[in-house]
Each structure stands twice: as structure tokens, then as C-alpha cells.
Amino acid sequence: MKLIERLQIIIALLVCAALMLVASGCSSGKSAGTAGVTKPLVINLAGGDAGFLTPFGHYPRGPGIFKMNLIFDSLLERGEKGYIPWLAEKWEISADGKTYIFNLRKGIKWHDGQPLTAADVKFSFEYYAKNPPVSDELAINGKRIIEAIDVVDDHTVKITVDKPNATILGRLGNARIIPRHIWATVDDPKKFNKPEALIGCGPYILKEYSKEQGAYKFEAFKDYWGPKPKVDIVQFIPVSDNVLAFNKGEIDLTAISPDLLAQYENNKEFMIKKNPAFWGYRLIFNMEKCPEFKDKNIRQAFAYAINAQELVEKVARGAAVPASAGYLPVDHIWYNNNVKKYAFNIDKARELLQGKTFSYTMLIGNSNDEIRMAELIKISLAQAGINLTVRSLDEKTRDAAAKKGDYELIINGHGGWGSDADLLRTVYANQKSSGQSPSGNGLYGYNNETINELCNRQLTELDPDKRKALVFQLQEVIAEEVPQIPLYNTTGYIVYRPAKYDGWRYMFDHHEVTHSKISYLESM
Amino acid sequence: MAEYLVTFLFIITLNFFLPRLMPGDPFTFLSAGTDEVTVAYSEEQIEKYKAYYGLDKPLINQYVSYIGNMLQGNIGYSIYYNEDVVALVGKRALWTVSLVVVSLTVSCVLGLILGSLAAWNRNNAFDRYLYLVMICFSEIPAFLMGLLLLFAGAAWLGWFPLAGGTSTFAVFATPVQQALDIVHHAVLPVITLVLARLGEFFMIARSSMLTVLSKDYMRTARGKGLSKSRILFVHALRNAAIPVITRMFLSLGTVFGGAVLVENVFNYPGVGQLMRESVMLRDYILMQGIFMFFAVSVLTMNFVADMLYKKLDPRIT
């Protein structure tokens, strides 16, 4: 067959051509990787677009916030145990809790070589009052907390706030300081995306950014005032499957599911770390729609009839811990271990329900974990006499329902459980129309005077020890009341090669090492 | 022409209203994916943003200003991505369009050749096995095929990169090297899309060729003593190709759909990921932009198909 032969030749040629293309592609890729003799330490991490990294341009999610923080420093920094001095080397709080004096370090430079002074700090706070950044903590219940900022001298600022509040130091300390000489003339910061917008005073300079590839390249800032960067270059690159990329050495750290742990355990090449449990799911009652939830016995019956340990084993496959009924998770710096615990107990649940049966619709998101979790909860609650209909929705639809109170029961998953204990107030204290937060919006129809009072007292208590005692007491009341049911907190695993880099550290309130600025720097 | 305009208007109207009727808004973040954290906006901040993007006005006013802005060529500014929608989509569209055009062309040409050969060898072993293989390929979902190829070609054999459209931060000595790098990254996504569409083109080409081969003028050609390849690829193919080529343009919408999924598998920098994100984030302005881009592309191609069909087949006027 002449024709077939000819075709065979054509196909063979085509295959050859394709292989040549592939081969040349391979070699060009490799030569790019091995350039340079004295090798700087380059760390590669899984990328993804997180936005233009100014305080106004990044996307409102973790990866954007923390990448931006590498470029822009703040007065304080989040260390492993709490806030640590950063741009401010020390500070004083007046006895009435209304004046904060920060002493800035000397010799701090912006990436363009200009000195950072108290005027920049004053400018930043005033600019944020007019143009709130994406991550804005300088308002409480919608009200700006700062009343006045005075430049005492080049290295001292005095900030006056409207009322004493235990969370203010962290809020002021967390705000990014931006250079006045660049931003003073910017009217619409959301649209300001010139290269100079990325001039900060942080340890890293953004050298390259590709939005569509989701790639970032950070280089250590030579004139950085603070602890020396240990990593010379941090790169975020596109990755299709994190574990494949890690195994091939394309990235240097990855999160792994518990099923894959065995691959890396007992192997000197790898180091596995368990993240602190600062991300979690909770089950929320709508007491406005279903007034019977105002009865503590019914809520406690739910708590007894949900087997959190089973959820941890079957849904999170061990990479989680049952949540505390007092809300603050085990890894929280102020976790109270003496709160009431609700071990799985169907008989007790039945007893509390006094033979009554109930039927509810429970809204959940559409992730696999939530669907599995809901099915398990449905089975165990049915044993106690509570029948559930489960409805799965996409994230935004569920959020809208949660916000409007358009549900009977809803499961919500979010991060931030490690934040300042004041989050108890935003969740549990009755505060109609006070705005929302991932943990917030209060609880529909719930009002408890003891909880409200404790929440407000801890907020204005400036002595950390006294405040801690109040927060411990508050957790005990909450655990007894169970106004909502915290289900479990995830403790994902990460794996990395310590021979390449071993500096990964957790911030005291956050579960991701790659998000910590201190992960890339020498210890102070 | 008028029908295209009406269709277009209908589509952009749907694009405008459907997203806004979905529950949720671009600024409320109450939940987050596992181990993700989000920023919490206060009610006051949400009001401020809504005013900034004009989302506080009644829907009908928003619609009128949307149409007005569009006539002036202003598609808008993405809420989440913080960038002009035209620039945002434009940069990624090039990647997606190249993927789609290349894979469509390859699958069409390959389908034509294989289909013709199958028709020529009708009912012998070659035809039967090819038929079986093609049916199998066309039934495997593109993203699954993509995953298989990713594991085999990138992870196991290591011939191709795992992700992305080009080597990150690489410096290329020559444009040729850069082009090769891009081709190298595109191989797996293109193969995935080709395999997903090949079966369809193969079937059409085969049946079309069978019809043509039974025509009288084929007997004439054979009678003239022309070689088999000349008969097949010169005389028969020209007529058999018409339905395949029109099909190629008409299937553009489906291929775009397939590309969206495949891009997500390979983390390819096209419009696909952007589209998924825009819907999940309720970024109305971006959604409008992306769906308009798809609508315009598909409508244009349908129009081209109409024109081409008229040209290729003189019987249609």
C-alpha cells in the first residue's frame, strides 16, 4: 500500500519533529536552572495570583496579606509567642489607656534609600482614615479608633485613641507603614499600580510579578534595618499539583494530606510539621427562626449527640482536633483547658431532649469535607431524635444565607481562631448591626447578660493578667451555655527538606509558616 | 447580521442580570476554604465599596450605565482583581485562544486524515480498531484525560513541565528559545484537548468520506487510473472536508468549555481559572467581561462558519 507507506513516513517525521521540540525545550529549561556559581539561597513555594502587593491592591485573602507584609513593615510584628518590637523598638501606654507613644528605631530606610521617620507613620495612619486598606483593623464597629497623631520628634509618635481598649496595641502595631514621599499625591490608591507603589521598608523587594502566571519573585533588601534575611530569594511559582511539584523538587515546602504522611515519615531527608489548630468549623443555631434553640438543654443535647472525635478521624483523617466548647482552640495562647467538655453521649442527649423529636434543615458548603461531616452529624443526631435535612450550597450562597440569618442550622468553616481573644466578643456578645467578620455577626437571637458583660470587661481591661483571667472565665461560661457548637479545628501537615532550609516558624496566632515574615529572617 | 446583533444583546443582558440575581456579593467573606483565611470587611466598608463600584444604585440604572459604558468601550474594573477587565482578560485570552486554535486545528486535520483512511479501509481491522479507540477517547472527559497525561507525561516520565504556560522567571537568550519553552508547556494541554475532540471529527470525516466515495465521480476517477492517494486526498477530500470544517467552527464553544477545565488541571494561565474564580467571588464586572469575550468569540466563529460554508459549497446562497 503506497499510500499507507507514505503516511507512515510523514507520521514518523512528525514524531521526530515533536521529540526534537521537546528535547530542546527540556535542555533550555535546565540551563536556566543551573546558572551562577556562588549560589544564593532560593526558596520556591506554590504560587497563585494574590494581587498587586500594596496595602490597597492585594486580594482579601491570606496569601495576599502576608506577601504584602514581606514588603511593608509595621510598628510591631507577630512573633512566635506574641507581638514583638519591630519598627518601634519600644512603646508606652498611658494609665488611662488613651495615649500610645511609639519610639521608632533609627536608621530605617525605604527601599529607595530615603529615611523612614515619624512623619511617615503619622501620614500612614491619616491616609488609612481616608482610604482604608484592604485589611483594615483601625476601626471598631465601624468607628475609627484614632483621634489624633502627633509627631513628637523624628523618631517618636504619639497616638491618641477614642477609648481604652485591650486590642488597640495589636491594631496599631499591625498597620503597614507606607512612605509619605510616594503616597502623598495618590488619590485613588486602589488604582495606583506604578512600580514605586511597591516601595516599602520591609525585608524583601518585589522584583517580578506575573499576574496571569500567579508568580512572584522577592529579593532580600540589602539595607534592611532588622534581622538579616536568611533566604536570599523567595519565589512563588505556578503549580498544578503541590505534592508532585514537591517530589520533583520544584517547590520546597508543601501541605500534605494525612494519607500521604507515610511517604515522608522516618526519612531524614524530610521534616514534617503539624500546624497549630487555628482553622475550624462550627455549627450555628438560628434562635430567631427556631426559638426552641434558646433552651440551653437542647443546645447541650446537640453537643452531646455530635461525635467530634469521629469527625476528626473520618473527615479530617486525623489532621484536626475536636474544638473546645469554649471556642478558643487548644493552640490559642489563652486556651482554657478547664471548660466543660461534651464527650459523645447519645443517652445524655436523649435525656436532655426529654423524649421530644425535632426536624431541621442544615445548610453547608459544597466541599467534600463538609458533605461528609454533615452526613455523619445527621446519622448521630438521628439517634438522639433530631432529624436533619442537609442542603449543600456554594460558598457565596452560604455566606449570604449566614449573613441574612436565612437558615435554621448552618455549618461555617473559616480561619482566624488564633486571633486576639476579643474574637469571643464579636462572636458571642449580642451586638445588633455591628458589622460582620468571618467569626462574627453575633448569633441570631442569642443574648446572655453574663457573656455580654464579660466580653465588654475583657475589652477594656488593659492589664494582660487580669484580662487573661476574664477570658478564661468567659470560656467557661460559653462552654456551659454552648450558644453554638465549635466542631473541630484543622491541624494540617506540612513537609519540607531541612537540608535546604530549616527556618520555618509559626506566628503565635496563625497556622501557616510560609506566611510568617520571621520564617525568612534570622532570629532577633 | 441583525440576528447576530440581537443574540449579542440578549447574551450581554443575561450576563448582566444573572450574576446579580445569585445570592451573595463580592464583599462578604464569612467562610473560607480549608486552611484559608480571608479579610473581614465591616458593614461600613462594604457600603463604601458598593458605592465605589456603583453597586448601590438600582439594578436598572446600573444596567443603563453598563450599556452606556460598553458603547464607549469601557468594560469596567474588576472588583477582586483590581484591574481593568480588558487588560485582565486580554492578557490571558491570548493563552486560551492559542490553546483552542492549535488544538482545534490539530484535531480537525488529524480527524480528517484518520477518518478518510478509515473510510477507505471500511470494515477491515484498521477501521474497526480505530473506530473503537476514537469512541473511547471522545467519551473520556477532558479534565480526566488531562490528569492522566499530567501524571504520565510530567510526573512519571518527566518529559513535560508540571504547570504553567512558560518557565517562571527564566531569562531567554533568543525569542526562539522562548517560543520553544511556550510550546513545551503547551504540549500536554493541547494533546488533552485534541484527544477530547478528535473522535467527533473522526466520525464526521469518516461518514462524510463514505458518502463521497460512493458517488459516481469517484468511479470516474478510478476509471481514469489515478493513484489511490490522489483520488482520496485530492478528489474526495475536498468534498468530504466541508462538514468537518464547518463543524470545527461550530464546536468552538465546546472547545472553550473544555479549555477552561483543562487550564485548571495544568494551572495554565488562560481565562479558564479567571472565569471560575470570578463566579466564585461574585466579581460581577469581571464575569460580564469574560462571558462577553466568550460570546463574541463564539459568535464570530459561527459567522465565519456561515461564510465559509457558502464559499465551500456553491449550492448554498
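Summary table
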| quantity | calculated |
| --- | --- |
| From A:Lys158, A:Lys122, residue being over 29 Å from B:Phe29 (Cα atoms), touching an Asp or Glu at 6+ places or on another chain (Cβ under 6 Å) and either within 14 Å of chain B (Cβ to nearest Cβ) or surrounded by 14 or more Cβ atoms within 10 Å (Cβ to Cβ) (or both) | A:Lys158 |
| Residue match in the stretch B:22-30 (condition: touching a residue at least 24 places away in the same chain (Cβ under 8 Å) and more than 9 Å from chain A (Cβ to nearest Cβ)) | no |
| Single residue of B:Thr166, B:Thr174 found to be crowded, with 17+ Cβ neighbours inside 10 Å, β-branched (Val, Ile, Thr) and farther than 22 Å from B:Phe137 by Cα | B:Thr166 |
| Qualifying residue in the stretch B:71-87 (condition: of a type in the set (Phe, Trp, Tyr), more than 8 Å from chain A (Cβ to nearest Cβ) and closer than 24 Å to B:Phe16 by Cβ) | no |
| Lone qualifier among A:Glu370, A:Glu288, A:Glu313 - being over 30 Å from A:Lys404 (Cβ atoms) and acidic (Asp, Glu) | A:Glu313 |
| Failed item in (1) under 30 Å from A:Tyr59 (Cα atoms); (2) among the hydrophobic types (A, V, I, L, M, F, W, C); (3) away from every other protein chain (no Cβ under 14 Å), with A:Ile101 passing the rest | (1) |
| Close pairs from the stretch B:34-51: first free of Cβ contacts under 8 Å to residues at least 12 places away in the same chain, partner of a type in the set (Asp, Glu), Cβ under 7 Å, at least 6 apart | B:Thr34/A:Asp369 |
| Which numbered condition B:Trp120 fails, given (1) within 11 Å of another protein chain (Cβ to nearest Cβ); (2) surrounded by fewer than 19 Cβ atoms within 10 Å (Cβ to Cβ); (3) within 30 Å of B:Thr211 (Cβ to Cβ) | (2) |
| Residues within the stretch A:146-193 that are under 30 Å from B:Tyr77 (Cβ atoms), within 28 Å of the chain's Cα centre (by Cα) and outside any helix (DSSP H, G or I), tallied | 9 |
| Extreme residue, nearest to the other protein chains (Cβ to nearest Cβ), among residues of the stretch A:125-155 that are of a type in the set (Gly, Ala, Ser) and either surrounded by fewer than 16 Cβ atoms within 10 Å (Cβ to Cβ) or at positive phi (or both) | A:Gly142 |
| Only one of A:Ala197, A:Ala166, A:Ala184 that is touching a residue at least 24 places away in the same chain (Cβ under 8 Å), surrounded by 19 or more Cβ atoms within 10 Å (Cβ to Cβ) and away from chain B (no Cβ under 14 Å) | A:Ala166 |
| Residues of the stretch A:130-183 that turn out to be closer than 22 Å to A:Asp422 by Cα and among the charged types (D, E, K, R), as a count | 9 |
| Whichever residue in the stretch B:269-317 is among the polar types (S, T, N, Q) and surrounded by 19 or more Cβ atoms within 10 Å (Cβ to Cβ) and, among such residues, is farthest from A:Gly48 (Cα to Cα) | B:Gln288 |
| Selection count, the stretch A:381-402, where residues are surrounded by 19 or more Cβ atoms within 10 Å (Cβ to Cβ) and away from chain B (no Cβ under 13 Å) | 4 |
| Which listed residue is on the phi < 0 side of the Ramachandran plot, crowded, with 21+ Cβ neighbours inside 10 Å and of a type in the set (Ser, Thr, Tyr), from B:Tyr52, B:Tyr81, B:Tyr63 | B:Tyr81 |
| Extreme residue, farthest from the other protein chains (Cβ to nearest Cβ), among residues of the stretch B:157-209 that are under 30 Å from B:Leu232 (Cβ atoms) and among the β-branched types (Val, Ile, Thr) | B:Ile204 |
| Members of the stretch A:267-304 found to be of a type in the set (S, T, N, Q) and outside any loop (DSSP other than H, G, I, E, B), listed by number | A:Asn297, A:Gln300 |
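A quick yes/no check of all residues on (1) of a type outside the set (Phe, Trp, Tyr); (2) surrounded by 19 or more Cβ atoms within 10 Å (Cβ to Cβ):
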{"site": "A:Asn247", "(1), (2)": "yes, no"}
{"site": "A:Lys273", "(1), (2)": "yes, no"}
{"site": "A:Phe278", "(1), (2)": "no, yes"}
{"site": "A:Tyr281", "(1), (2)": "no, yes"}
{"site": "A:Asp295", "(1), (2)": "yes, no"}
{"site": "A:Ala301", "(1), (2)": "yes, yes"}
{"site": "A:Ala308", "(1), (2)": "yes, yes"}
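Values in this text are rule-based calculations from the coordinates and carry no lab data. Computed from a predicted model, the values in this text were never measured in an experiment. Heads up, the Cβs are rebuilt from the backbone with ideal geometry, glycines too, and the neighbour counts pull from every protein chain shown.
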